[in-house]
Amino acid sequence: MQGVTVHITRDFKNVPCPRRKLINLVRVICKRFRLANATVSIAIVGNRRIRKINVEFLEHGNFTDCIAFDLSENDGSPKLLELVVNGERAKSQAARRGHSPIAELALYITHGLLHNLGFDDLAPKKAKIMHRLEDEILQQQGFGLVYENKQKIISNKRRQKC
């Protein structure tokens, strides 16, 4: 059976989670990049849990917004992708940036899924491409400009400090 199956679990429940909208977001991204046969698991966690995962698997001692794992076998079987997204950070960053926690959470999901699909944001040119793509997808799915909005707010804060 082909298709994209999406599972969402929530350890952090203080951010709204419109499951259908988030599942549709994942399916739209998979379809756009011709990923027709996959299981995508999304865990929404808080700062403490994502920091623990970050230390355990990536040896980074801080918390982050998203960690993406590709657990697929290289034998042609369906893709198995796992995203761990920080609901606690989504809630706080959304408040700072003036958009909904759902939009911020959708950004983290999109960002992690794009990493699993081969996108990279380490080099500035690649990051620019990836972030534009994130905003394009998020706008098309009704979340608005999320990454670009974030950058404008950061830029304005830097100007205010000068």
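I'd like to check something: does region 137-150 contain any residue that is aliphatic (A, V, I, L, M) and at pLDDT 95 or above? So that I can check it myself, show each step before the final result.
To start, the set of residues in region 137-150 that are aliphatic (A, V, I, L, M) comprises 137-138, 145-146.
In the following step, the residues that additionally are at pLDDT 95 or above were identified as 137-138.
For region 137-150, residues aliphatic (A, V, I, L, M) and at pLDDT 95 or above: present.
For region 30-132, give me every one of the helices (runs of 4 or more DSSP H) that falls completely inside it and has 1 or more residues that are within 15 Å of V4 (Cα to Cα) and either at pLDDT 95 or above or among the charged types (D, E, K, R) (or both).
Here the list reads 101-116.
Would you check if V55 is more than 15 Å from R89 (Cα to Cα), out of contact with any helix residue (DSSP H, G or I) (no Cβ under 8 Å at 6 or more places or on another chain) and surrounded by 12 or more Cβ atoms within 10 Å (Cβ to Cβ)?
yes
The rows are residues; the columns are (1) in contact (Cβ under 8 Å) with a residue 24 or more places away in the chain; (2) under 12 Å from the mean Cα position of the chain (by Cα); (3) open to solvent by less than 20 Å² (accessible area, probe 1.4 Å).
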residue: D70; (1), (2), (3): yes, no, no
residue: G87; (1), (2), (3): yes, yes, yes
residue: H99; (1), (2), (3): yes, no, no
residue: H111; (1), (2), (3): yes, yes, no
residue: L114; (1), (2), (3): yes, yes, yes
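The values are calculated or read from the model by the stated rules, or taken from the named source; none is laboratory data. Since we're looking at a predicted model, the values are computed, not measured. A quick note on method: Cβ atoms are made from the backbone with ideal geometry, for glycine too, and the neighbour counts reach across all protein chains shown. These area figures cover heavy atoms from the full protein model, side chains too; ligands, DNA and RNA do not enter into them. Shrake-Rupley method; radii C 1.70, N 1.55, O 1.52, S 1.80 Å.
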